[in-house]
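Colleague: Can you read through this structure? Questions will come right after.
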Amino acid sequence: MKSKDELIDDLLTLAFAEDVGDGDHTTLSTIPADEIGRQQLIVKEEGILAGVEIARKVFEKFDPSLKMTVMINDGTHVKPGDIAFVVEGPVRSLLQTERIMLNIMQRMSGIATMTDRYQQRLEGLKTKVLDTRKTTPGMRILEKEAVRIGGGSNHRIGLFDMILIKDNHVDFAGGIPQAVAAAKKYCKETGRDLKIEVEVRNTDEINQALEAGVDRIMLDNFTPERTREAVELINGRTEIESSGGITLDTLRAYGECGVDFISVGALTHSVKGLDMSFKAC
């Protein structure tokens, strides 16, 4: 399995391949090879900055001679007019890395900003906001990093680092007891130490999951009233996650029920990028 750094490097390789191809012919034809310049990243919208360290990887991968000076670090609350960093080096390299860097920075900062907004709604509660697998193909590692920068928590990264038994798994396996037993047997036989979470739809399934001995129960599409009842029933015997159609407006009501986590697909699947630009200085 590839490491985080390897996945990011693969992503950047693909990004350069689809954008630069065999060369930025506009830049190559208009800018002398020895021209040196400076550009700065200007924030144009209030939010949480994310992606600075990934931007550094973009510049280093394309042209190690580019020198980046950071003024504002990841996770910082920014406002219009703030200068996040300055990059100096060959103008050709600055122009060819500009759009890839901005695409990453804008999306990551948008996700971090959205996550911060959700987590702020839970201020004073133990509940943490979780991301999901509803991410842009190929960009998951960056999008989940942005959630973390924004103050949220990462759920599983993919299908490989946790067992999450959802309704379809339960139905195909013949029930929660059978599915959990099979998962535990699989982990033992393959030498894997994976947490087991089960999605439940009603009180009967909650009791089945508790009896089977799972690490976390996901309450799927429960109302706040039903969630409160479920939390009382579970009574601290396992972690509890709320999921399914929870919005910024309803988030606090679920958190006040006493759940440990609330998973929100909107953190990554429909977020607006934070506005910023990369200009000569």
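The values are calculated or read from the model by the stated rules, or taken from the named source; none is laboratory data. All values derive from a computational prediction rather than experimental measurement. Here the Cβ is made from the backbone with ideal geometry for all residues, glycine too, and neighbour counts use every protein chain on show. Heavy atoms of the whole protein, side chains included, go into the accessibility calculation; ligands, DNA and RNA do not. Shrake-Rupley method; radii C 1.70, N 1.55, O 1.52, S 1.80 Å.
Colleague: Which of the listed residues, M139, V170, V78, is farthest toward the dipole's positive end in the chain, when Lys, Arg count +1 and Asp, Glu count -1 at the beta-carbon?
Modeller: V78
Colleague: Of K2/K128; K166/K272; K4/K57; K166/K195; K134/K272; K126/K166, which pairs sit farther than 22 Å apart, going by alpha carbon to alpha carbon? Please list the in-between numbers first.
Modeller: Details: K2/K128 28 Å; K166/K272 29 Å; K4/K57 13 Å; K166/K195 14 Å; K134/K272 15 Å; K126/K166 25 Å.
The answer is K2/K128; K166/K272; K126/K166.
Colleague: Rank G158, Q106, L94 by how far each Cα sits towards the positive end of the charge dipole of the range 94-160 (+1 on Lys, Arg Cβ; -1 on Asp, Glu Cβ) and give me just the farthest.
Modeller: Value: G158.
Colleague: Using the Karplus curve 6.51 cos²θ - 1.76 cosθ + 1.60 with θ = phi - 60°, what ³J(HN,Hα) values do you get for each residue of the range 227-238, in whole Hz, with x for Gly and Pro?
Modeller: Coupling constants for the range 227-238: 5, 4, 5, 5, 4, 5, 5, 5, 6, x, 6, 7 Hz.
Colleague: With the other protein chains left in place, how much accessible area per residue, in square angstrom, belongs to the chain at a 1.4 angstrom probe?
Modeller: Values: 13850 Å² over 281 residues.
Accessible area per residue, the chain: 49 Å².
Colleague: Under a plain spin-label model, where a point goes 7 Å from the Cα along Cα-to-Cβ, how far apart in nm are K184 and I83?
Modeller: Reported label-point gap for K184 and I83 is 6.1 nm.
Colleague: Using a 1.4 Å probe over the heavy atoms of the protein chains, calculate the carbon and sulfur portion of the accessible area of the range 9-168 as a whole percent.
Modeller: On the range 9-168, the fraction of accessible area on carbon and sulfur atoms equals 49 percent.
Colleague: Another question, if that's okay. Keeping the other protein chains in place, figure out the carbon and sulfur percent of the accessible area of the range 184-261, with a 1.4 Å probe.
Modeller: Working: 1800 of 4120 Å².
After summing per-atom areas, the C and S share lands at 44 percent.
Colleague: So how many Å³ per residue does the convex hull of the Cα atoms of the range 242-281 work out to? Intermediate values should be presented prior to the final figure.
Modeller: On the way: hull volume 4.4 nm³, N = 40.
So the per-residue Cα hull volume is 110 Å³.
Colleague: What ³J(HN,Hα) values, in whole Hz, does the Karplus curve 6.51 cos²θ - 1.76 cosθ + 1.60 give for the range 116-126 when θ = phi - 60°, with x put for Gly and Pro?
Modeller: Working through the residues one at a time gives 4, 4, 5, 5, 4, 5, 9, 4, x, 9, 7 Hz.
Colleague: Among [x] -0.37, -0.59; [y] -0.34, -0.53; [z] -0.21, -0.36, only one was calculated for this model; which label is it, if the read-out is log10 I(q)/I(0) by the Debye sum over Cα atoms at q = 0.07, 0.09 Å⁻¹?
Modeller: [y]
Colleague: Working only with C-alpha atoms, what are the Rg and Dmax values of the range 149-281, expressed in angstrom?
Modeller: 17.5, 64
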